[in-house]
Amino acid sequence: MSENKPCPDCGAAVGEHHHHLCDVQRCPVCGGQYISCCGVPEEDIAEQGLEFAVWTGEWPGVAECKEYGWYCIRDERWGWLECGEDMPGAVADLNRLYRDAVWDAKRGRFVVKKSWVVSVNETNYGSAIILAETKEEAEELALDVYNEGNFNWHNSSLGEFVAKEDV
Ligand SMILES: [Zn+2]
Ligand SMILES: [Zn+2]
């Protein structure tokens with residue numbers, strides 16, 4: 001494992017802060033790449049009671065992928081596919097992290113989005129579980145799932161997608 005390697009971009013040692021222009025440095029406010037994200041100035045970050053994470057020896061987000069068991073593998077024909085952690089060549093699925101998790105600034109980490117049961121016209125025919133932060137996002141994603149044909153909604157005349165938080 002690469003646990004003790006310095007940051008590949010700025011050379012920070014494990015436990016040290018990145019250089020302020022380091023590519024790897026994440027934004028404590030939005031979780032994006034700091035040099036290209038929401039543009040919060042450094043002084044505002046401290047004012048919000050947030051701080052930059054130190055280099056841990058792993059790419060930001062990898063720890064969360066490991067925690068959630070989100071891995072993927074590159075297939076020559078099909079591209080990136082989700083897989084289990086035991087699959088030879090499996091790497092942390094950061095694309096899934098950005099899709100199914102959301103940055104929690106207070107905790108300084110990604111957390112899984114809320115889970116919603118989305119059904120058509122509030123019937124139980126063809127319902128799906130969707131991870132999203134808001135009801136609107138869940139309904140939009142359900143439409144994507146439908147359009148991709150990845151899920152059988154058992155419903156020829158589609159009406160409205162209705163999401164209910166699944167708690
Ligand atoms: Zn760095
Ligand atoms: Zn940001």
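The values are calculated or read from the model by the stated rules, or taken from the named source; none is laboratory data. Remember, predicted model here, so these are calculated numbers, not experimental data. For neighbour counting, all protein chains shown are included, and Cβ atoms are generated from backbone atoms with ideal geometry for every residue, glycine included.
If we keep just the residues of segment 1-31 that are over 17 Å from P41 (Cβ atoms) and within 6 Å of ligand 1 (Cβ to nearest atom), which is surrounded by the fewest Cβ atoms within 10 Å (Cβ to Cβ)?
Here the answer is D9.
Just a yes or no: is a residue in segment 74-81 touching a Leu at 6+ places or on another chain (Cβ under 6 Å) and assigned by TED's automatic domain parsing to the domain that holds A105?
Yes: segment 74-81 contains one or more residues that are touching a Leu at 6+ places or on another chain (Cβ under 6 Å) and assigned by TED's automatic domain parsing to the domain that holds A105.
Looking at segment 6-23, which of its residues are of a type in the set (D, E, K, R) and either within 16 Å of ligand 2 (Cβ to nearest atom) or at pLDDT below 95 (or both)?
D23
Out of R74, R26, I need the residue that is more than 15 Å from ligand 2 (Cβ to nearest atom), under 22 Å from the mean Cα position of the chain (by Cα) and of a type in the set (D, E, K, R). Which one?
Checking each option against the conditions leaves just R74.
Yes/no matrix, rows are residues, columns are (1) over 15 Å from R109 (Cα atoms); (2) more than 16 Å from ligand 2 (Cβ to nearest atom):
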| site | (1), (2) |
| --- | --- |
| C30 | no, no |
| Q33 | no, no |
| Q48 | yes, no |
| G57 | yes, yes |
| E64 | no, yes |
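What tally of residues in segment 63-89 results from selecting those that are surrounded by fewer than 16 Cβ atoms within 10 Å (Cβ to Cβ) and not basic (K, R)?
16
Given the structure, is W70 more than 28 Å from K106 (Cβ to Cβ) and in contact with a helix residue (DSSP H, G or I) (Cβ under 7 Å, 6 or more places away or on another chain)?
So W70 fails the test.
Considering only residues that are free of Cβ contacts under 8 Å to residues at least 40 places away in the same chain and either part of a strand (DSSP E or B) or surrounded by 14 or more Cβ atoms within 10 Å (Cβ to Cβ) (or both), which ones fall in segment 38-62?
Those that are free of Cβ contacts under 8 Å to residues at least 40 places away in the same chain and either part of a strand (DSSP E or B) or surrounded by 14 or more Cβ atoms within 10 Å (Cβ to Cβ) (or both): V40, I45, F52, W59, P60, V62.
Can you confirm whether A90 is in the same structural domain as C65 (by TED's automatic domain parsing) and either touching a residue at least 40 places away in the same chain (Cβ under 8 Å) or aromatic (F, W, Y) (or both)?
In short, no.
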